[in-house]
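The values are calculated or read from the model by the stated rules, or taken from the named source; none is laboratory data. Since this is a predicted model, take the numbers as computed values, not measurements. Please note: Cβ atoms are built from the backbone with ideal geometry, for glycine as well, and neighbour counts cover all protein chains shown. The area values use the complete protein model at the heavy-atom level, side chains included, leaving out ligands, DNA and RNA. Shrake-Rupley method; radii C 1.70, N 1.55, O 1.52, S 1.80 Å.
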Amino acid sequence: MSEHDRIRVLSVLVEDGSNTLSKVSGLIRRRGFNVHSISVGPSGDPGRSRMTLTVHAGHAEADQVRKQLERLVEVVEVEDVTGEQVHSRELVIAKVAPDQVDGLVKRGAKVLDTGSGGTTVEFAGEGKDVGDFINELVQHGAVNVARSGPVVMRRTA
Amino acid sequence: MILEALEREGVEFIFGYPGGANLPIYQHLPEHPKLKHILVRHEQGAAHMADGYARACGKPGVVFATSGPGALNLVTGLATAYMDSVPMIAITGQVASTQVGRDAFQETDVIGATSSVTKHSYLVTNIDQLPRVIHEAFHIASTGRPGPVLIDICKDVQQATAERVDIERLEIPGYVLNGHVDLDRAGEAARAVAGAERPVILAGHGVILSHAEAELREFAEKAGAPVGTTLLGVGAFPVNHPLSLHMTGFMGTGWNLKAVQNADVLMMVGMRVDDRVTARLADFAPKVKTFIHIDIDGSEMGKNVRPHIELVADAKNALEAMTPQIGELHEGRGQWFSQIDAWREEHPLKYTHSNGHLQPQDVLIDMYRRCRSEAIVVADVGQNQIWAALWWNYDRPGLFLNSGGSGTMGFALPAAIGAKFGRPDTAVWCVAGEGGFVMTAQELSVAVEHQLDIKIVLLNNFSLGMVRQFQDDFYGGVRSESELTHMPDFVKLADAYGMPAVRVDRFEEIGPAMDAAERTKGPFLIDFRIDPEANVYPIVPLGKSLNDFWEAPDK
Ligand SMILES: Cc1ncc(C[n+]2csc(CCOP(=O)(O)OP(=O)(O)O)c2C)c(N)n1
Ligand SMILES: [Mg+2]
């Protein structure tokens with residue numbers, strides 16, 4: 001199994017609660033897994049949040065991540081969406097120099113504000129596109145970059 | 001409110017200790033005479049008592065402790081119960097909800113500190129949550145794969161009052177009981193065992209927890225497969241049964257290990273397949289073509305050994321589904337049995353009886369002769385634990401209790417006390433090394449206070465025997481900090497607590513001392529001063545495969 005196969009993308013529906021995030025992260029640490037990215041936000045269900053986790057299984061079988069998460073009472077549902085037909089989006093927000101803005105807008109970036117300190121742009125897309133976008137920013141010396149983890153959803157069948 | 005809820009859950013005993021953050025609960029305790037509170041001498045003792053109670057009678061044990069140090073003293077006991085899937089409810093007092101997060105006096109993040117050693121936990125900051133939380137906690141602790149559940153209740157909530165609400169239906173969407181049962185391949189598994197040339201079944205604690213011993217026996221007899229047990233599975237299959245392989249693992253019997261290492265089909269039921277069972281994982285059961293794993297917890301599948309056939313179910317349900325589907329037995333079975341018999345003769349359990357010192361095996365053999373299947377043996381951790389597992393022929397579940405997963409020294413005395421509360425009509429014997437015994441010896445008070453009829457068998461070898469043996473055998477013979485000098489005079493210690501006791505140094509004294517213990521109503525301690533060089537055999541050297549077990553030297 002390649003290293004890449006040991007990374008799982010999981011969409012996890014959890015009960016809101018002060019302890020939920022620490023339960024999930026504690027479990028991941030304790031079992032020797034490693035989080036690459038995590039994003040959390042309210043789900044469609046009131047009282048529940050959706051987490052999107054990208055996790056490396058460490059020395060365990062890759063499927064252990066899902067199985068161990070399912071054991072938590074706070075976890076309502078775990079969907080393994082690794083390599084599935086999914087929409088996956090990440091978001092980046094960056095402060096860039098004025099002369100960069102045009103080029104970035106052509107690539108699909110949106111301007112959020114402009115001031116004497118520079119221009120703030122946002123860009124959303126698949127992980128790879130966001131990665132390329134950031135590479136370009138860095139090459140041109142962007143100062144401030146904030147990037148989210150992915151949020152995913154299965155494609156409509 | 002809390003105490004009423006406990007009454008409704010059918011709680012009989014609470015093992016606890018008061019303090020600032022749970023005094024509101026204690027204030028009302030006398031109004032509930034149905035709840036018998038056992039005042040322990042250290043909170044760890046409370047957790048082990050609740051654990052022993054639960055293991056002995058099957059009902060969740062209940063523990064009270066105050067915030068901060070009180071709750072933290074429970075942690076070892078919670079971990080012990082968690083590792084061995086024992087149902088327990090720990091109710092801890094927390095500082096007032098308005099004080100949480102301010103580093104108030106005796107405030108500790110108990111939920112944070114216990115998350116990894118509980119099945120689930122709750123912080124209750126509002127009285128309205130309480131009825132549901134308590135009911136849910138009992139449900140979660142005692143169903144599925146059981147385990148300890150902690151409820152941390154803020155002091156102001158303990159003081160609040162509310163209308164009584166009866167919780168009729170529980171909705172815990174994240175806790176799907178038996179939600180992942182998978183018995184699709186039960187028939188295939190049954191036929192694989194029956195059709196194997198050299199099948200072996202290993203049975204763990206899950207068989208005992210699901211009361212599947214009769215089903216296991218029926219399956220094994222019909223499928224013609226020999227059965228070994230893990231340390232926690234001791235009793236799941238009668239040791240005297242012709243198909244018994246006795247105990248497995250790195251201190252298991254030689255014929256068991258030979259059978260496991262030569263099996264072509266290995267069925268593992270109700271067990272975690274941990275490192276103490278497999279020894280060096282890469283060499284575990286190397287000839288097996290089909291691993292079958294049965295467990296109620298799907299996350300156990302492939303955690304350590306990847307099974308070819310997995311059945312996710314309660315052991316009883318799985319075995320019931322399998323037995324009718326057993327097909328033809330392999331015709332080579334007779335040969336397999338003769339081979340196992342040959343190994344049994346070649347690698348028997350043995351010890352040197354007459355070297356001038358008292359041998360632990362002689363003590364246990366005498367004890368077994370008296371008790372047979374009529375007593376519960378609660379062992380501590382170390383050499384005493386393995387001797388007690390190997391030198392009794394347990395023929396039923398629930399007769400041998402010990403801390404298998406966590407290996408918690410100090411478990412035996414409080415757990416034996418708890419077991420006696422849970423099964424007052426059964427004789428309870430506590431077997432402990434002197435090292436572990438002094439870790440929780442303060443609970444002698446509880447045994448005396450309640451005049452509990454428990455017999456304490458100290459196997460006193462003047463050392464941390466298991467550590468000493470490892471050092472002798474695997475760490476260059478350097479006996480570093482494993483000899484216990486300056487231990488108390490145990491007869492005087494017992495006397496100081498008000499408990500009768502005798503000392504035994506010679507073989508001839510075993511019988512009379514045991515007679516005295518049996519004659520005495522109430523607790524009794526015997527300090528058996530055994531051979532300080534006695535060792536546990538067989539043993540697989542650390543990091544080696546099960547094939548490499550060492551046997552007792554012939555003297
Ligand atoms: C709380 C705790 N500390 C340390 C250990 C490591 N340990 C395992 S066995 C053992 C020796 C136990 O000595 P004793 O209680 O006298 O029993 P014996 O092995 O001599 O029968 C030790 C220190 C442990 N299991 N638990
Ligand atoms: Mg000792």
**Complete:** In the stretch B:333-352, residues that are touching an Asp or Glu at 6+ places or on another chain (Cβ under 9 Å) and either part of a helix (DSSP H, G or I) or exposed (fewer than 12 other Cβ atoms within 10 Å of the Cβ) (or both) total 3
**Message:** All but one of (1) away from chain A (no Cβ under 14 Å); (2) part of a loop (DSSP other than H, G, I, E, B); (3) open to solvent by 10 Å² or more (accessible area, probe 1.4 Å) hold for B:Arg276; state the number of the condition that does not hold.
**Reply:** (2)
**Message:** Being open to solvent by less than 50 Å² (accessible area, probe 1.4 Å), of a type outside the set (Asp, Glu), assigned to a helix (DSSP H, G or I) and within 30 Å of B:Thr278 (Cβ to Cβ) is true for just one of B:Gly435, B:Gly511. Which residue is that?
**Reply:** B:Gly435
**Request:** Could you check how many residues of the stretch A:36-65 are within 9 Å of chain B (Cβ to nearest Cβ) and open to solvent by 20 Å² or more (accessible area, probe 1.4 Å)?
**Result:** 3
**Item:** Top-ranked residue of the stretch B:461-480 - restricted to ones that are open to solvent by 50 Å² or more (accessible area, probe 1.4 Å) and among the small types (Gly, Ala, Ser), ranked as farthest from ligand 2 (Cβ to nearest atom)
**Value:** B:Gly476
**Message:** Where the second residue is outside any strand (DSSP E or B) and among the aromatic types (Phe, Trp, Tyr) and the first is under 10 Å from A:Leu137 (Cβ atoms) and lies in the stretch A:92-106, which pairs have Cβ atoms under 7 Å and are six or more apart or on separate chains?
**Reply:** A:Val92/A:Phe133
**Item:** Check on B:Val446, surrounded by fewer than 18 Cβ atoms within 10 Å (Cβ to Cβ), hydrophobic (A, V, I, L, M, F, W, C) and either away from ligand 2 (no atom under 16 Å from the Cβ) or within 14 Å of chain A (Cβ to nearest Cβ) (or both)
**Value:** no
**Message:** Residue under question is B:Ile417, and the condition is that it be open to solvent by less than 30 Å² (accessible area, probe 1.4 Å), assigned to a helix (DSSP H, G or I), away from ligand 2 (no atom under 14 Å from the Cβ) and not charged (D, E, K, R); does it hold?
**Reply:** yes
**Asked** Has the stretch B:481-489 got any residue that is of a type in the set (Val, Ile, Thr), within 16 Å of ligand 1 (Cβ to nearest atom) and buried (at least 18 other Cβ atoms within 10 Å of the Cβ)?
**Response** no
**Scan of the stretch B:388-403 for residues that are over 12 Å from B:Ala56 (Cβ atoms) and either among the polar types (S, T, N, Q) or open to solvent by less than 10 Å² (accessible area, probe 1.4 Å) (or both), ordered by number** = B:Ala388, B:Ala389, B:Leu390, B:Trp392, B:Asn393, B:Tyr394, B:Asn402, B:Ser403
**Message:** It is to be established whether one or more residues within the stretch B:193-216 are touching a His at 6+ places or on another chain (Cβ under 6 Å) and within 13 Å of another protein chain (Cβ to nearest Cβ).
**Reply:** no
**Message:** Please go through (1) open to solvent by less than 50 Å² (accessible area, probe 1.4 Å); (2) within 30 Å of B:Arg217 (Cβ to Cβ); (3) not small (Gly, Ala, Ser) for B:Glu197 and return the number of the only condition it doesn't satisfy.
**Reply:** (1)
**Message:** Looking at the stretch B:490-499 only, could you name the residues that are surrounded by 14 or more Cβ atoms within 10 Å (Cβ to Cβ) and under 21 Å from B:Arg529 (Cβ atoms)?
**Reply:** B:Phe490, B:Val491, B:Leu493, B:Ala494, B:Tyr497, B:Met499
**Condition check for B:Val457: within 12 Å of ligand 1 (Cβ to nearest atom), out of contact with any strand residue (DSSP E or B) (no Cβ under 7 Å at 6 or more places or on another chain) and in contact (Cβ under 8 Å) with a residue 12 or more places away in the chain** = no
**Item:** Options A:Val76, A:Val145, A:Val111, A:Val130: the member that is more than 17 Å from the chain's Cα centre (by Cα), hydrophobic (A, V, I, L, M, F, W, C) and over 24 Å from A:Asp16 (Cβ atoms)
**Value:** A:Val111
**Asked** So, in the stretch A:15-35, of the ones that are within 16 Å of B:Lys119 (Cα to Cα), of a type in the set (Lys, Arg) and open to solvent by 30 Å² or more (accessible area, probe 1.4 Å), which residue ends up nearest to the other protein chains (Cβ to nearest Cβ)?
**Response** A:Arg30
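Results for (1) within 14 Å of chain A (Cβ to nearest Cβ); (2) more than 9 Å from ligand 1 (Cβ to nearest atom); (3) farther than 28 Å from B:Pro148 by Cβ, shown as yes or no for each residue.
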| site | (1), (2), (3) |
| --- | --- |
| B:Thr408 | no, no, no |
| B:Glu434 | no, no, yes |
| B:Arg468 | no, no, yes |
| B:Phe507 | no, yes, yes |
| B:Pro512 | no, yes, yes |
**Prompt:** What are the residue pairs meeting all of these: first residue in the stretch A:66-81, first residue closer than 15 Å to B:Glu171 by Cβ, second residue open to solvent by less than 20 Å² (accessible area, probe 1.4 Å) and of a type in the set (Lys, Arg), Cβ atoms under 7 Å, and 6 or more apart or on different chains?
**Reply:** A:Glu74/A:Lys23
**Fill in**
By residue number, the members of the stretch B:12-33 that are open to solvent by 20 Å² or more (accessible area, probe 1.4 Å) and within 28 Å of the chain's Cα centre (by Cα) are B:Glu12, B:Phe13, B:Tyr17, B:Pro18
**Prompt:** Given the stretch A:68-144, what strands (runs of 3 or more DSSP E) lie entirely inside it while holding 1 or more residues that are within 14 Å of chain B (Cβ to nearest Cβ)?
**Reply:** A:75-80
**Asked** Is one or more of the residues making up the stretch A:91-103 over 30 Å from B:Val117 (Cβ atoms), among the charged types (D, E, K, R) and surrounded by 18 or more Cβ atoms within 10 Å (Cβ to Cβ)?
**Response** yes
